[in-house]
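The values are calculated or read from the model by the stated rules, or taken from the named source; none is laboratory data. Please read these numbers as outputs of a predicted model, since none were measured by experiment. Neighbour counts run over all protein chains shown; Cβ positions are idealised from the backbone, glycine included.
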Amino acid sequence: MLPLLLSSACSSFKDILPVEVKTVEIERNIPVQKHPRPVTLNNIHFYVVTQNNYVSFKQRFEKENGVLVFYALSVRDYETLSLNMSEIRRFLDQQKQIIVYYERAVTNERAD
């Protein structure tokens, strides 16, 4: 008799209560962060030096800047540099669109 009583647990002493399932909607409280400050770029000066203007350029440049140093790019490399900058701009624009999408999703704004 004792094993029967232990195996039935307490179910014989109490009524079984029905399980009640409720769905509760909880509003998200995710703060939207400020956008980073815009990029501030400094001016860059490009000098075009050829065989015809090398001597006058060298004199003027050394007078204004001191030591004469060259960083040379071919025309093809300059085009590649321009393409790389446009690819960086494209990437940043797409990242910004993703950020705006999630900000609108969090704040329940509608895109018109």
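Go over the candidates 91, 70, 57 one by one and state the one that is loosely packed, with under 10 Cβ neighbours inside 10 Å and of a type in the set (Phe, Trp, Tyr). Only one candidate passes the filter, namely 70. Being aromatic (Phe, Trp, Tyr) and outside any helix (DSSP H, G or I) is true of residue 71. Note on the stretch 8-52: residues that are over 22 Å from residue 100 (Cα atoms), at pLDDT below 75 and of a type outside the set (A, V, I, L, M, F, W, C) amount to 5. With respect to being part of a loop (DSSP other than H, G, I, E, B), in contact with a Lys or Arg (Cβ under 9 Å, 6 or more places away or on another chain) and either among the β-branched types (Val, Ile, Thr) or exposed (fewer than 10 other Cβ atoms within 10 Å of the Cβ) (or both), residue 39 falls outside the description. Close contacts from the stretch 20-33, counting a first residue that is at positive phi and of a type outside the set (Val, Ile, Thr) and a second that is part of a loop (DSSP other than H, G, I, E, B) and loosely packed, with under 10 Cβ neighbours inside 10 Å, with Cβ to Cβ under 8 Å and a gap of 6+ residues or different chains, come to none at all.
Every condition in (1) in contact (Cβ under 8 Å) with a residue 60 or more places away in the chain; (2) exposed (fewer than 10 other Cβ atoms within 10 Å of the Cβ) is met by residue 50 except one, and the failing one is (1).
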